[in-house]
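The values are calculated or read from the model by the stated rules, or taken from the named source; none is laboratory data. Computed from a predicted model, the values in this text were never measured in an experiment. Neighbour counts are summed over all protein chains in view; Cβ atoms, including those assigned to glycine, are modelled from backbone coordinates with ideal geometry.
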Amino acid sequence: MSPAAPTPAPSAVTVGGRALESIRAEFPILHREVKGQPLSYLDNGATVQKPEAVIQTVDEYYRLHNANVHRGIHTLSEEATNLYEGSRAKVAGLLGAHPREIIFTKNVTSAINLAAQGWGADNLKPGDRIVLTEMEHHANIVPWHLIAKRTGAVIEWVGIDDEGRLDRESLTAALSREPRVLAITHVSNVLGTILPISEIVAEAKAAGALTLVDGAQAVPKMPVNVAEIGADFYGFTGHKLYGPTGIGVLYGRREILDEMEPFEGGGSMINKVSKDEVTWASVPAKFEPGTPPIAQAAGLGAGVDWVNGIGLEAIGAHERELTAYALPRLEEIPGMTLFGPSDTTDRAGLISFDLEGVHPHDVSEILDRHGVAVRAGHHCAQPLMKRLGVAATTRASFAVYNTTEEVDRLVEGLHDARRVFGL
Ligand code: C6P
């Protein structure tokens, strides 16, 4: 563990060339109080707060442009369609993909379900192997259980080492058994581990596996280029990228999307419907039945513009600095166990921990009295909790607007939690 970094003066901190204070000013919710204390929102792994630009875009959509997309030949419908498709182009630009490779879904959970069911139903057969890792979120476990049950495929697990990094030997061994699928996270939502995803995907492809990457915790924290990564599918969720809830993204390689049958049927995804037969629209419409999340897509587009204005490299670096600042201070607290890699080169801005003698729910409740919001629980990663030997952890997770003062308040709150429990 590196020695504690000195506290920078708040007014001197910049992110992507912008003063941190001016970035914070763009987030209205950061100025409210909780339990009579200023809010320190450190639950960004669950969802991030929204800047004015995103809030205004959603508001303006309903005030000025609300209509259904791809349907009406009238001005409002054209405006709504332009906003919706414009956001698709922005997301494609962010990921280095073609807009036709971007499917809008409800969240990353539905993106992974779409890929698992849509691809798996026609491509998996009894005995086929699906490889998952011990650090997956349930969103990248349960959909594979569902398709395995339907097709007779079997799930195999790749382990992690004691620092929370992927056990590469275990991965290589699993890949040597020629699995049909590797579904893997890019960044762990519990450990913060950043996986060397391009290397892993290349190894899986060489073994002939279809690859799906869960980018829920990566896309808000670092530049992601799907062409460089080379995965067949890559998913993320809009509400963690400063956008609204209700919108997620599945990137799929064009050839795979063209070959895949739709997962759900309905309006907007067809070419022709007769009493006896249906033909599909081309991608991405084939995978977007019914009225899509139009306002949410517009908001996500504004979120993409907003992060591009600061730069994801700079956002990730700021969050890593906060992590480097927090780790030694947390480690000094008696009874503290920290999970995840001990240096910050391959870990993103989140920290899970266990405070001996205080249940994570109590930690979280006491921190809330200090105005500090963190998450406590299994973080939808129960196989990982089992591997770590705990039922739950407390997690502080950072975003672009967090400060070292907020880390100090977290540390003070944790000392208070120990006092409350007589420790
Ligand atoms: N993790 C957390 O507090 P949805 O709910 O579909 O927007 O995101 C699911 C998801 C998938 N993968 C990873 C790696 C995630 O972190 C999440 C969401 C939140 O850690 C809520 S459990």
Go through segment 323-423 and tell me which helices (runs of 4 or more DSSP H), entirely inside it, have 2 or more residues that are assigned by TED's automatic domain parsing to the domain that holds LEU20 and within 16 Å of the ligand (Cβ to nearest atom).
360-369, 382-388
Could you tell me which residue of segment 121-145 is farthest from the ligand (Cβ to nearest atom), considering only residues that are in contact with an Asp or Glu (Cβ under 8 Å, 6 or more places away or on another chain) and not in a loop (DSSP other than H, G, I, E, B)?
ASP122
Any residue in segment 152-173 that is of a type in the set (S, T, N, Q) and in contact with a Leu (Cβ under 9 Å, 6 or more places away or on another chain)?
no
From the set of residues in segment 82-111 that are in a loop (DSSP other than H, G, I, E, B) and not hydrophobic (A, V, I, L, M, F, W, C), which is nearest to the ligand (Cβ to nearest atom)?
ASN107
Go through VAL219, VAL201 for me and flag whichever is outside the structural domain of ARG347 (by TED's automatic domain parsing), out of contact with any Asp or Glu (no Cβ under 8 Å at 6 or more places or on another chain) and in a loop (DSSP other than H, G, I, E, B).
VAL219
Kindly indicate whether any position in segment 283-303 is assigned to a loop (DSSP other than H, G, I, E, B), under 30 Å from LEU114 (Cα atoms), under 19 Å from the mean Cα position of the chain (by Cα) and within 16 Å of the ligand (Cβ to nearest atom).
yes
Would you check if TYR242 is in a strand (DSSP E or B) and within 16 Å of the ligand (Cβ to nearest atom)?
no
Does segment 160-194 hold any residues that are in a loop (DSSP other than H, G, I, E, B), without any contact (Cβ under 8 Å) to a residue 60 or more places away in the chain and within 16 Å of the ligand (Cβ to nearest atom), and which are they?
HIS186
For segment 113-124, does any single residue satisfy the condition of being surrounded by fewer than 17 Cβ atoms within 10 Å (Cβ to Cβ), over 23 Å from the mean Cα position of the chain (by Cα) and of a type outside the set (Lys, Arg)?
yes
Filtering segment 406-423 down to residues that are charged (D, E, K, R) and touching a residue at least 24 places away in the same chain (Cβ under 8 Å) yields GLU406, ASP408, ARG409, GLU412, ASP416, ARG418
Could you go through segment 204-211 and let me know if any residue there is within 24 Å of ASP343 (Cβ to Cβ) and either among the aliphatic types (A, V, I, L, M) or not assigned by TED's automatic domain parsing to the domain that holds SER342 (or both).
no
